[in-house]
Amino acid sequence: MAESWVNSAERIGADLHLELSGPGGRRAALTRALREAVRGGRLVPGTRLPPYRSLAADLGVARNTVADAYAELVAEGWLTARQGSGTRVAAGVTPPHGRQRAGAASGAPARVPKKAPRARGPRHDLRQGTPDASSFPRAAWLASARRALQQAPNEAFGPGDPAGRAELREALAEYLARARGVRTEPGRIVICSGFAHALRLLFPQVLRGPLAVESYGLGFHRQLLADASVRTVPLPLDEDGALVGELGRERAVLLTPAHQFPTGGPLHAERRAAVVDWARARGGVILEDDYDGEFRYDRKPVGALQGLDPERVIHIGSVSKSLSPALRLGWMVLPERFVDPVLETKGEREAWASALDQLTLADFIGSGSYDRHVRRMRQRYRGRRDRLVATLAARAPHVEVTGIAAGLHAVLRLPPGTERSAVKAAVWQGVALDGLAEFRHPGAAMSAPDGLVVGYATPAEHAYGAALDALCDVLPPG
Ligand SMILES: Cc1ncc(COP(=O)(O)O)c(C=O)c1O
């Protein structure tokens, strides 16, 4: 009968299940099981194996049986044994998904290149969407994570409240009121994994379509709504934002009031007031996507639309632009009547955002690290934006740069009919960016200006100059 053993993490640092079965004695079975664990990648290079005695005791075999099995695998090259550091999986044996050479299958370890190949991205990444990953505040985040872990009550390690951790909701209520002019209290905030998750929670369980959206926006969000059978109705835009006076029979509208995505302007004050009046008159609701509200440069801060009427606006934000989209942490500030329906949709437990990450973010905000990071990044991005504007003024004065007062991207207006060829040229030159057409609602009736959406946050600091040079090379001649 097969015997199995599950080792404890303290002994070798990784959980491993071994089955002793098959022909031959116990020594042969153990040798085979260990060899398979290494070859299959369950025991990765460098992993320390348990001492003879403890493995022998766990498996109910003689100490010598373990010693012999280890010795055989050392001789085959799968393991290494060194005085003082015990027996370890040899460096360079086949990784979990590595290709095996012919010799490996017959027992000899296959060697792999020292450096695993990395996915090759574009040479110059000027796509909108992600902040400068090299500026992630690792030390401050780690300090918050450490404090959060040390101070977390035991109940934090149990099933989570679907509303999210109270510590984070309290920190956010204070921060959003102070920095964005949001009117709320922690009971109105529901933690989610970001804007996309918020849309998934709202539609179709809490809100129904059709949903009015801006004629230019993120296709990913439109698709997500379409997948939820929500019809989106495009609202035309001009330099003052969405023409909210053209709202029709819809009961909900999705806007990016602080910084229209991607064209870049704020929603004019009169339109902000008008859309709130519309929502009040129709019993409608406004979804406010505050995706980069912290990053404003030249103009007066544009506060959250939610501040005008907390009962008519669902304010949604996340750390995707301010810290990293990899964290998957966001929030919804809800009118009272939507809190319970959203929580019901979420289910009895928080299944999306890790409680420890939430506690870390709460500490990060509470300790002032979030404000410091945003201020630092605001300065850095402003510098990049200025460099972009100056470079284009010098090398492509016929290209107008718009949408630059805020955010992490700009829109370069191109001469009519040149967008497609510029996008093509960018692909050839290894410059990743998008044309404006990429963001256009398929049903949009307004004119379709030619333009490029250029994200200036993504390249690391040292790579930015070269990215700007490459950008100039793909622009149509004046
Ligand atoms: C228009 C817009 N809204 C919202 C977001 C944030 O999305 P999420 O919070 O799902 O990462 C982004 C991307 O960062 C965006 O471009």
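A short reminder: the numbers here are calculations on the coordinates, not readings from a lab. If you're wondering where the values come from, they're calculated on a predicted model, not measured in any experiment. Neighbour counts run over all protein chains shown; Cβ positions are idealised from the backbone, glycine included.
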- With θ set to phi - 60°, apply the Karplus curve 6.51 cos²θ - 1.76 cosθ + 1.60 along the range 411-416 and write out the HN-Hα couplings as whole Hz, x wherever there is a Gly or Pro. 10, 9, 7, 10, x, x
- Query: Among K321/K424; K300/K346; K300/K321, which pairs are too far apart, with a Cα-Cα distance over 31 Å?
  - Reply: K300/K346
- Message: What do you get for the angle between helix 63-76 and the principal long axis of the chain? Use alpha-carbon atoms, 0 to 90 degrees, nearest ten.
- Response: 70
- Task: Could you calculate, for the range 434-478, the ratio of the Cα radius of gyration to the Kirkwood radius, expressed as Rg to Rh?
- Result: 1.09
- Message: As a test, work out the antiparallel percent of DSSP beta bridges whose residues both lie in the chain, rounded to the nearest 5.
- Response: 65
- Message: Could you tell me how far the Cα centroid of the range 154-169 sits from the Cα centroid of the range 419-478, in Å?
- Response: 42
- Relative to the present Cα-Cα distance, how much length would full extension add between A28 and A75 at 0.36 nm per residue of separation? 15.5 nm
- Query: Once the convex hull of the C-alpha atoms of the range 381-478 is built, how many Å³ does it hold per residue, rounded to a whole number?
  - Reply: 100
- Quickly work out the D277-to-L356 label distance, labels modelled 7 Å from Cα along the C-beta direction, and quote it in nm with one decimal. 5.3
- Query: What order do you get for 351-363, 63-75 when each peptide is scored by the mean count of other beta carbon atoms within 10 Å, highest first?
  - Reply: 351-363, 63-75
- Placing each pseudo-label 7 Å from Cα in the direction of the beta carbon, S54 and V427 end up separated by a distance in nanometres of 5.6
- Item | Nonlocal amide H pairs with I314, under 5 Å, H built at 1.01 Å | I286, L287, E288
- Using the Karplus equation 6.51 cos²θ - 1.76 cosθ + 1.60 (θ = phi - 60°), what ³J(HN,Hα) coupling, rounded to whole Hz, does each residue of the range 262-273 give in order, writing x for Gly and Pro? x, 6, x, x, x, 5, 4, 4, 5, 6, 4, 5
- Task: Taking H placed 1.01 Å from N in the peptide plane, check which residues at least 5 places from R296 or on another chain put their amide H under 5 Å from its amide H.
- Result: G407
- Pairwise FRET efficiency - R375 versus A463, Cβ, R0 = 30 Å, nearest 0.05: 0.80
- Query: Within the range 367-474, what percent of beta bridges assigned by DSSP are antiparallel, to the nearest 5?
  - Reply: 100
- Efficiency of FRET between T391 and D238 - r from beta-carbon atoms, R0 25 angstrom, step 0.05: 0.35
- Message: Report the per residue volume, in Å³, of the convex hull enclosing the C-alpha atoms of the range 140-206.
- Response: 125
- Task: Would you mind computing Rg(Cα) / (2.2 N^0.38 Å) for the chain, counting N as its residues?
- Result: 1.23
- Item | Long-range amide H partners of G160 with built H, under 5 Å | E350
- Can you tell which of H373, A390, P137 lies farthest toward the positive end of the dipole of the chain, using +1 and -1 charges on the Cβ of basic and acidic side chains (Lys, Arg; Asp, Glu)? P137
- Item | Inter-part distance where the range 250-315 and the range 321-365 are each reduced to a Cα centre, Å | 21
- Over the range 137-366: Kirkwood hydrodynamic radius from C-alpha pairwise inverse distances, Å: 18.0
- Where labels lie 7 Å past Cα in the beta-carbon direction, separation of L149 and A226 in nm: 4.4
- May I ask you to evaluate 6.51 cos²θ - 1.76 cosθ + 1.60, the Karplus curve with θ = phi - 60°, for each residue of the range 171-178 and list the ³J(HN,Hα) values in order in whole Hz, giving x for glycine and proline? 4, 5, 4, 5, 5, 5, 5, 5
- Note on the structure: Per the rule of 0.36 nm per residue minus the C-alpha distance, extending R382 to E174 adds in nm 72.3 nm
- Fraction of antiparallel bridges per DSSP, the range 137-366 only, in percent to nearest 5: 40
